[in-house]
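Asks: Just dropping this structure here.
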Amino acid sequence: MDTLVHGAIGAALCSRTGLAGGRRGPLRGRKRWWEFSDWTLWAAFFFGIFPDLASLGIHFMMDLFTGNGVRWHGIPDFIFVLYDVTHSLLGIAVCYGLLVAWKRALWLPALAWPIHVLMDVPTHGQGIFLTPILWPFSDWTFAGWSWWLDKRIFFGSWWLAGGLWLAAGLMRLSRRKA
Ligand SMILES: [Zn+2]
């Protein structure tokens, strides 16, 4: 799935501002109109895009700074290693454990990371970006349907993100009326 929609869906599911906040919503009470969110929103968005940011994102940044423009070719090997780590169950389990040991409250927003990878599994078709979910134990991958080739998956994922945020908003409204 495209990186931004991962952030939008991760934040919708794994933040107190989103659905995980339930009817109570963000951590601190709503004081002023701009305080519609709490830190878990931004943290969940970050963890939602993190697997791509910490792999392909580094490649694109390097390309940009070296004046090559953003290219999909010439991706160095270490980027694929990072892609393996950030898109595998083992990599996630280790990083998630370290994150939560460091700051317990990260348990919720950091769940956006495994959700990103679980969504990648069916939406990446044959090619170099199949999700290495069982790395380093097995090369097994699931050849799904590429979101970049199928507009229905691309738009469907944004509709899903919108629907989740709508549900979160309605839940909040139902509390204010009660
Ligand atoms: Zn990804």
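Every read-out reported here was derived from the displayed coordinates using simple, explicitly stated rules and does not represent laboratory data. Bear in mind the structure is a predicted one, so any value in this text is a computation, not a measurement. Quick reminder, even Gly has a Cβ in these numbers, built from the backbone with ideal geometry, and neighbours come from all protein chains shown.
Asks: Please compute P(r) over all alpha-carbon pairs of the stretch 119-178, binned at 5 Å starting from zero, and give each bin as a whole-number percent.
Replies: Histogramming the stretch 119-178 at 5 Å steps yields 4, 17, 16, 14, 12, 11, 9, 7, 5, 3, 1 percent.
Asks: For n ≥ 4 DSSP H runs only, could you compute -39500 (n - 2.57) per run for the chain, divide by its residues and tell me the 222 nm figure to the nearest 500? Let's see the in-between values first.
Replies: Numbers: 7 runs with 100 residues, N = 178.
Helix-only estimate at 222 nm: -18000 deg cm²/dmol.
Asks: What does the charge count around H116 come to, taking other residues whose C-beta lies under 12 Å from its C-beta (Lys +1, Arg +1, Asp -1, Glu -1)? Please list the in-between numbers first.
Replies: On the way: positive: none; negative: D2, D52, D120.
Its environment carries a net charge of -3.
Asks: Once you treat every alpha carbon in the stretch 59-150 as an equal point and sum by Debye, what is log10 I(q)/I(0) at q = 0.18 Å⁻¹?
Replies: Cα-only, vacuum Debye calculation for the stretch 59-150: -0.93.
Asks: Let me ask you something else. Could you work out the relative contact order of the chain, using alpha carbon pairs under 8 angstrom and six or more residues apart, expressed as a whole percent?
Replies: Values: 272 pairs, mean separation 51.4, N = 178.
Worked out over the chain, it gives 29 percent.
Asks: Quick one: length gained pulling L27 to A105 fully straight, 0.36 nm per residue minus the C-alpha distance? Spell out each step's value before the answer.
Replies: On the way: separation 78, 0.36 × 78 = 28.08 nm, distance 1.13 nm.
Stretched fully, the L27-A105 segment lengthens by 26.9 nm.
Asks: Determine, from the Cβ-Cβ distance of L173 and W39 and an R0 of 35 Å, the FRET efficiency 1/(1 + (r/R0)^6), rounded to the nearest 0.05.
Replies: Values: r = 23 Å, r/R0 = 0.65.
Calculated value: 0.95.
Asks: Please state the relative contact order of the stretch 19-118 as a whole percent: Cα pairs under 8 Å, 6+ residues apart?
Replies: Numbers: 78 pairs, mean separation 34.6, N = 100.
RCO, the stretch 19-118: 35 percent.
Asks: P(r) for the chain: what percent of alpha-carbon pairs falls in each 10 Å bin, starting at zero?
Replies: Reading upward from the zero bin: 10, 33, 33, 18, 5, 1.
Asks: Same structure, new question: Under the Karplus relation 6.51 cos²θ - 1.76 cosθ + 1.60, θ = phi - 60°, what is the ordered set of whole-Hz ³J(HN,Hα) values for the stretch 128-141, x standing for Gly and Pro?
Replies: Coupling constants for the stretch 128-141: 7, 10, 5, 7, x, 4, 9, 4, x, 7, 8, 8, 4, 9 Hz.
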